[in-house]
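Here is the structure we will look at, set down as structure tokens.
Coordinate-derived values only; no laboratory data. Keep in mind that this is a model prediction, so the values were computed, not measured. Heads up, the Cβs are rebuilt from the backbone with ideal geometry, glycines too, and the neighbour counts pull from every protein chain shown.
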């Protein structure tokens with residue numbers, strides 16, 4: 001993205017992240033938005049752009065605006081916004097960043113608020129579906145147990161293990177890393193939890209073999225938000241900005257680096273989506289950190305821990321912090337770029353990566369601590 005109106009993130013906001021809550025999701029979303037506006041040194045009246053991703057992804061959602069999902073209409077009304085540009089995107093948090101960056105480049109607005117809120121029902125299971133209700137393509141899969149959740153990833157990793165010799169012992173390292181890093185994150189569900197031992201992991205119950213209980217992210221209720229503006233306007237705001245250097249989708253994922261003359265090895269820190277631990281292997285390969293079939297060899301604790309060559313999911317990821325569909329990954333990538341990650345801060349970050357989405361459907365956004373040429 002080479003444009004004189006290049007975008008920058010100038011503020012972030014979060015709420016507490018809890019398993020369940022009696023408060024509506026709208027309450028969480030508004031709180032996160034106000035925190036982000038305050039963090040950017042702006043007023044609500046300054047916000048003239050909005051982007052969200054409101055869909056509740058769980059099959060048991062009520063789909064009530066303001067209760068278990070929040071649309072642009074809800075947020076505009078709740079905050080009293082008068083935007084010149086607003087939209088809801090199908091996708092996750094990095095897709096929201098891309099849409100906001102394009103709106104700023106087009107000159108349709110000056111300050112974009114992005115909000116993603118996630119709801120974990122208190123009175124029913126997170127994801128409920130039934131074969132007797134299946135329609136469309138699901139009628140050929142749900143009756144055989146292939147439905148919402150990790151089934152599709154379990155089948156993928158079974159084949160991966162067969163083809164490349166990967167093991168559950170290597171998969172354990174990703175889940176254990178998430179729990180260790182979560183202990184440094186005051187927002188994380190597992191901030192006070194014990195480290196995940198190898199014995200506990202190996203003896204945990206199956207969810208979708210070969211993935212066990214600890215290979216899944218943690219259903220949670222919470223919200224996150226960010227504020228974007230142009231690089232030029234960012235200079236007048238109190239926070240050191242995180243410049244959007246480039247972005248790419250899953251069809252040509254390595255362009256997130258090559259478009260600005262970089263390689264994957266030039267990145268100091270990466271936040272890679274871990275709705276299920278196995279996703280990390282696939283993403284490392286797709287982005288070019290390693291070759292095909294080498295993700296399980298690349299993703300070692302020594303390399304991905306704080307102090308390693310490529311610290312990954314330094315906030316605990318979705319497995320350690322809780323499931324916000326990538327908003328935690330975006331927030332951490334921004335904070336690392338700004339130098340505001342506290343005890344998790346990686347030294348001398350120039351490039352920080354956020355990737356959110358699954359297998360062949362994701363957006364990656366590369367942030368820079370210096371305004372790109």
Under the classification rounded if a/c is under 1.5, otherwise prolate if a/b is larger than b/c and oblate if not, where does the chain fall, given a ≥ b ≥ c as square roots of the Cα gyration tensor eigenvalues?
oblate
The relative contact order of the chain, taking Cα pairs under 8 Å that sit 6 or more residues apart, comes to a percentage of 23 percent
Report the Cα centroid-to-centroid distance between the range 315-330 and the range 160-236 in angstrom, as an integer.
7 Å
Please give the length that would be gained between residue 232 and residue 199 if that part of the chain were fully extended, namely 0.36 nm times their separation in residues minus their C-alpha to C-alpha distance (nm, one decimal).
6.6 nm
Taking R0 as 35 Å, what's the FRET efficiency between residue 206 and residue 22 from their Cβ-Cβ distance, rounded to 0.05?
0.60
What spacing in nm lies between the two simple spin-label points modelled at residue 34 and residue 191, each 7 Å away from Cα in the Cβ direction?
2.0 nm
At q = 0.15, 0.16, 0.19 Å⁻¹, what base-10 log of I(q)/I(0) does the Debye formula yield for the range 225-373 when every alpha carbon is treated as an equal point scatterer in vacuo?
-0.71, -0.81, -1.17
Could you tell me the calculated FRET efficiency between residue 45 and residue 350, based on Cβ-Cβ distance and R0 = 51 angstrom, to the nearest 0.05?
0.90
Residues 243, 276, 146, 172 arranged by fewest to most Cβ contacts within 10 Å
146, 243, 172, 276
Residue of 250, 33, 223 that the Gaussian network model of the chain assigns the largest fluctuation, springs spanning Cα pairs under 10 Å
250
From the square roots a ≥ b ≥ c of the eigenvalues of the alpha-carbon gyration tensor of the range 164-219, which class results: rounded (a/c under 1.5), prolate (a/b over b/c), or oblate?
prolate
Gain upon complete extension [residue 254, residue 169; 0.36 nm per residue less C-alpha separation]:
27.8 nm
Looking at the square roots a ≥ b ≥ c of the eigenvalues of the Cα gyration tensor of the range 222-289, which shape do they give, rounded for a/c under 1.5, prolate if a/b is larger than b/c, or oblate?
oblate
Ignoring everything except DSSP H segments at least 4 long, calculate the 222 nm mean residue ellipticity for the chain; use -39,500 (n - 2.57) per segment, divide by total residues, nearest 500.
-8000 deg cm²/dmol
Of 221, 337, 20, which has the largest mean-square fluctuation in a 10 Å C-alpha GNM of the chain?
20
